[in-house]
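Since the structure comes first, as structure tokens, the remarks are kept for the end.
The values are calculated or read from the model by the stated rules, or taken from the named source; none is laboratory data. Owing to the predicted nature of the structure, the values given are computational and were not obtained by experimental measurement. Cβ coordinates were reconstructed from backbone atoms using ideal geometry, including for glycine residues, and neighbour counts include every protein chain displayed. With ligands, DNA and RNA removed, areas are computed over all heavy atoms of the protein, side chains included. Shrake-Rupley method; radii C 1.70, N 1.55, O 1.52, S 1.80 Å.
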Amino acid sequence: MTKAIVVFSGGQDSTTCLFWALQQFDKVITVAFDYGQKHKAELECAASIANDLNVEHHVLDLMLINQLSANALTRDDIDINAGTNDSLPSTFVEGRNMLFLTFAAIFAKTHDIKNIITGVCQTDFSGYPDCRDIFIKSLNVTLNLAMDYEFVVHTPLMWIDKQQAWQLADELGKLDYIRNNTLTCYNGIKGDGCGQCPACVLRANGLNKYLEFR
């Protein structure tokens, strides 16, 4: 039996990856992280989707991130902005993907799982350095060396943009489900979201482009 674990937030990207994983592996587990994000709706959404799909779901406590990183996703006094050429977006959480994947790998090894799936994407990475392919490949090697285990970190969305991500969702037969049931919005609104934050704009632009040429 081939097994996999999906780093899961309940957003568009990780949910697309979950549906992808369900077609690729015999058993799939999801893991979400509570890191002090302002919108607990994200955790509720992830749990709801996992329940819908009858997927074993776990939530790990990473509140330590909130003690170390000042960012717009965990602090009410920091405004959401997309960043500039000289600065990262205010929504960048220092070390988040590194810690997520490290703890997911520890969890995976204790459950005899070698395949780890994450929805990071370099094409539409919003300036986040920990979404780059070079980082994922480097961390994959480090995890294997650190735990003497043959992990494979899969990134189905790495080289596609949001339009192509919606296309993949459609090819998986799950476009409507992902559009209506996922939470990508930085303001914690499910579905099409607030329509104004950077995450919603990116998501909507990709969907509109895809539907235009569908």
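Of note:
- Applying a threshold of 29 Å to the alpha-carbon distances of Lys109/Lys162; Lys27/Lys209; Lys3/Lys209; Lys3/Lys137; Lys3/Lys162 flags Lys109/Lys162; Lys27/Lys209; Lys3/Lys209 as lying beyond it.
- Solvent-accessible area of Cys121 with every protein chain in place, 1.4 Å probe, in Å² to the nearest 10: 10
- In region 109-214, chymotrypsin sites (Phe, Trp or Tyr not before Pro) in a DSSP loop with at most 12 other beta-carbon atoms within 10 Å: Trp159
- Under the criterion of Cα pairs below 8 Å and six or more residues apart, the relative contact order for region 94-194 equals 23 percent.
- Using a probe of 1.4 Å, the accessible surface attributed to Asp133 totals some 20 Å² when neighbouring protein chains are kept in position.
- Counted charge near His154, where neighbours are those whose Cβ lies closer than 14 Å (Asp, Glu -1; Lys, Arg +1): 0
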